[in-house]
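K.L.:
To start, I am sharing the structure in question, which I have written as structure tokens.
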Amino acid sequence: MIHTMRRPPRRTRFALTLAGALVLAGCTVSGGSDDAASSSSPSSTAQASSAASGSAASAGSATSGAASSSGAALVQPDPNSSFIVSESEPGDLNPGKQITAYDQVMALYTSLTDVSTDGVVSMAQAQSVTSTDATNWTIKIKPGWTFHNGEPVTAQSYVDGWNATAYGPNAWANTGQLAKIVGYDDLNPKSGTPKTKTMSGLKVVDTTTFTVKLISPDGQFPLQLSQAQTGLFPMPKAAFKNLDAYNKQPIGDGAYMMTSPHQENQDIVVTAYPKYAGTPAKTAKITFRNYTDPATAYNDALAGNIDVVGIGAAKATSAQKDFGDRLHVNDAPGIAFLGLPLWDKRYTNVKVRQAISMSIDRDAVNKVIYAGLYTPATSFTPPTEPGTPANACGEACTYNPVKAKQLLAEAGGWTGPMVITYPGGFGLDELYKAYANQIKRNLGITDVTTKATTDFADFAKQRADSKLQGPYFSRWGALYPSQQNTLNAFFIKGGGGGGCTNCAAYYTDEVKNLIDQANAQVDQTKAVAGYVAVQKVLARDLPVIPMFYEKYMFVTSKKITALPASQGSPVWSQVTVS
């Protein structure tokens, strides 16, 4: 399947007792995706490694009462059970480096915490994640876990892995996930070589305990430790003996282990790790098969030659007919916007922005482009991010062509052409033509056209240089479900970790202060209320236009009897076969 990628190019809260589990929401710097591939295909941004569920916890901690069970690891799957997944060439497999190997890495590793699609956080490899001030955190890991080479997983394994990922000269892609830890800047000086290789904010207390000091209060930290933040995974001592070998055959701590080093464009085969201390895998072997042509993978699934294939929106209609109930449509932690060039004075009047939004019939677009499978957006964050208000955008996101035309007239009308720009090569042509046609028809603007750039890099440069002359492609896919993640990326400059190349051209002190206040809350009721307050300001100013909550779609062969998902992506260890 095509993967989302972390920026640029690829694809969380304090503690709250709720129904015997923790519902968290949050963000790290560099925690999501803004690329076009993510918007039209499934991603593995939040695949869960099943582990002990969270028990009730007091405010100020995220604690699981369940310990790892050595007995559970003795329950092994049928040795003959297996399935095949379509993939693209993953490149780097080291969790700190990878940008397109989420599926494989999620099979090989277990995160500290785990987040379900509805935002419930449970302890995975962590026993507890606690703090009294949201700045100083204590992480206790469950004893008895081992890496696939038999080496024990310890607090030092995490500290070593985090320091290696953060160390600037390594230039590992996921380094930004650690940027809020005290000492990160020492490993990433603006010039010269770092004078240290360790972050001062990390301290090992004992074999199973380490502490983390953040540069500022962040009540979302437990969610940042969840499954898709692969830069926060542990590393065994053996990895440091040969990092190149580790990159080709990672030594993980998850439900599956690699059987041999990866060779470019060849299958990656993983087998169930017999000493895994978490929830046992339900299938003995997974083969990640490289496909360069998604159409070939789709046809192979029809023929029963491959078992799980991620598809984009262009295949939604045919997949409904071809696969029936073997088409899986999952709520994803992504949202698509129509960006607005606020550097162009024609868009400075909010009534113009409201008019454009209200001129587009999202339901009609959904039926034609997404086979009715997507959900029109009515807020500025996706529903998978806990506390997202149901209708923050209000009337401005409701189709009303009469009111839209009235608003445009009140703003003084429109002059000149309107060019809607999007990255070429991702199958987005029909979507943006639909937007253009509706704006043209319903607002009476005669010269509305679409323009596809050469590729995403070309689009990103034009967007970064403020060269776009009209509405444009804009989206965000979070690596963990939190309003903080999306709001930081879009509305705090640099909040996406180096800059989001298609986010809003809108940064105000009012919004930044509101986000900062919400981020620092240790009381999650107050944190959510803070993020909702941000959305009220966004609804007032409408700096971007919410369009659709994204879905990740998969088709399966008749062999697959269950394809459980978390945050939109399959939980590979819990897939069952006939």
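K.L.:
In debye, nearest 20, what is the charge dipole magnitude of segment 334-550 about its Cα centre with +1 on Lys and Arg Cβ and -1 on Asp and Glu Cβ, if you could check?
P.N.:
Once rounded to the nearest 20, the dipole reads 440 debye.
K.L.:
For segment 334-550, just the Cα atoms, rotate onto the principal axes and tell me the three extents in Å, largest first.
P.N.:
Ordered largest first, segment 334-550 gives principal extents of 52, 37, 36 Å.
K.L.:
If you count only protein heavy atoms with a 1.4 Å probe, what accessible area per residue comes out for segment 241-287, rounded to a whole Å²?
P.N.:
Per-residue accessible area for segment 241-287 comes out at 47 Å².
K.L.:
Relative contact order for segment 334-550: what is it in percent, counting Cα pairs under 8 Å that are at least 6 residues apart? Before the final figure, lay out each step's value.
P.N.:
Values: 398 pairs, mean separation 74.6, N = 217.
34 percent.
K.L.:
Hey, another quick one. Out of 478, 445, 517, whose Cα points farthest toward the positive end of the dipole of segment 334-550 (charges: +1 Lys, Arg; -1 Asp, Glu; placed on Cβ)?
P.N.:
Value: 445.
K.L.:
Further question: May I ask for the Rg/Rh ratio of segment 96-235, computed from Cα atoms with Rh as the Kirkwood radius, given to two decimals?
P.N.:
Rg/Rh for segment 96-235 comes to 0.94.
K.L.:
So, one more: Looking at segment 423-578, how many pairs of lysines come closer than 28 Å at the Cα, when each pair is eight or more places apart or spans two chains?
P.N.:
Taking the Cα cut-off of 28 Å, the pair count is 26.
K.L.:
Provide the packing ranking of 485-491, 180-186, i.e. peptides ordered by the mean count of other C-beta atoms within 10 Å per residue, highest first.
P.N.:
Sorting 485-491, 180-186 by mean packing, highest first, produces 485-491, 180-186.
K.L.:
Given the DSSP H assignment, sum -39500 (n - 2.57) over each helix run of at least 4 residues in the chain and divide by its residue total; what's the result at 222 nm in deg cm²/dmol, nearest 500?
P.N.:
-7000 deg cm²/dmol
K.L.:
When Rg is the radius of gyration of the Cα atoms in segment 323-390 and Rh is its Kirkwood radius, what does Rg/Rh come to? It would help to have the intermediate numbers written out before the result.
P.N.:
Values: Rg = 15.2 Å, Rh = 14.4 Å.
In segment 323-390, Rg relative to Rh is 1.06.
K.L.:
Something else: What are the radius of gyration and Dmax of segment 280-325, computed over its Cα atoms and given in Å?
P.N.:
Every Cα atom of segment 280-325 included, Rg and Dmax give 12.2, 36 Å.
K.L.:
Let me ask something else. Size of the dipole of the chain about the Cα centre, Lys and Arg at +1 and Asp and Glu at -1 on the beta carbon, nothing else charged, in debye to 20?
P.N.:
Charge dipole of the chain: 600 debye, to the nearest 20.
K.L.:
Still on this structure, I have one more. As I understand it, the dipole of the chain uses +1 on the Cβ of Lys and Arg and -1 on the Cβ of Asp and Glu, about the Cα centre. Which of 492, 256, 168 lies farthest toward its positive end?
P.N.:
Value: 492.
K.L.:
Taking the Kirkwood radius as the inverse of the mean 1/r across Cα pairs, report the Rg/Rh of the chain.
P.N.:
Ratio of gyration radius to Kirkwood radius: 0.97.
K.L.:
Another question, then. Of the listed peptides 445-453, 521-529, what is their order by residue-averaged count of other C-beta atoms within 10 Å, with the highest listed first?
P.N.:
The peptides rank, most packed first, as 521-529, 445-453.
K.L.:
How big is the dipole moment of segment 173-276 about its Cα centre under a simple scheme where the beta carbon of each Lys and Arg is +1, that of each Asp and Glu is -1, and everything else is neutral? Debye, nearest 20, please.
P.N.:
Working: 10 positive and 8 negative charges, 70 e Å.
Here the size comes out at about 340 debye.
K.L.:
Now, a different point. Percent relative contact order of segment 227-296, based on C-alpha pairs within less than 8 angstrom and at least six residues apart?
P.N.:
It comes to 22 percent, rounded to a whole number.
K.L.:
Give the share of C-alpha pairs in each 10 angstrom bin for segment 244-292, from 0 to the last occupied bin, in whole percents, shortest bins first.
P.N.:
Reading the bins upward from 0: 26, 49, 24, 2.
K.L.:
While we're looking at this one, here's another question. Roughly what % of Cα-Cα distances in segment 167-244 sit above 20 Å, to the whole percent? All intermediate terms of the calculation are to be shown ahead of the outcome.
P.N.:
Numbers: 1141 of 3003 pairs.
When every Cα pair of segment 167-244 is considered, 38 percent fall beyond 20 Å.
K.L.:
OK, next. Viscosity 0.692 mPa s, temperature 37 °C: give me the Stokes-Einstein translational D for segment 439-578 in µm²/s, with Rh taken as the Kirkwood radius over C-alpha pairs. Each step should come with its number before you reach the end.
P.N.:
Working: Rh = 18.2 Å.
The diffusion coefficient I find is 180 µm²/s.
K.L.:
Carbon-plus-sulfur fraction of the accessible area of the chain, 1.4 Å probe, in percent?
P.N.:
Accessible surface attributable to carbon and sulfur in the chain totals 52 percent.
K.L.:
Once both labels are modelled 7 Å past Cα along the beta-carbon direction, what's the residue 533-residue 241 spacing in nm?
P.N.:
5.5
K.L.:
For a quick size check, give me the Cα extents of segment 110-159 along its three principal axes, largest first, whole Å.
P.N.:
Rounded to whole Å, the extents work out to 35, 28, 14 Å.
The values are calculated or read from the model by the stated rules, or taken from the named source; none is laboratory data. All of these numbers come straight from a predicted model, not from anything done at the bench. No Cβ is skipped: glycine too gets one built from the backbone with ideal geometry, and neighbour counts run over all protein chains shown. In case anyone asks, the SASA skips ligands and DNA or RNA and just uses the protein heavy atoms, side chains included. Shrake-Rupley method; radii C 1.70, N 1.55, O 1.52, S 1.80 Å.
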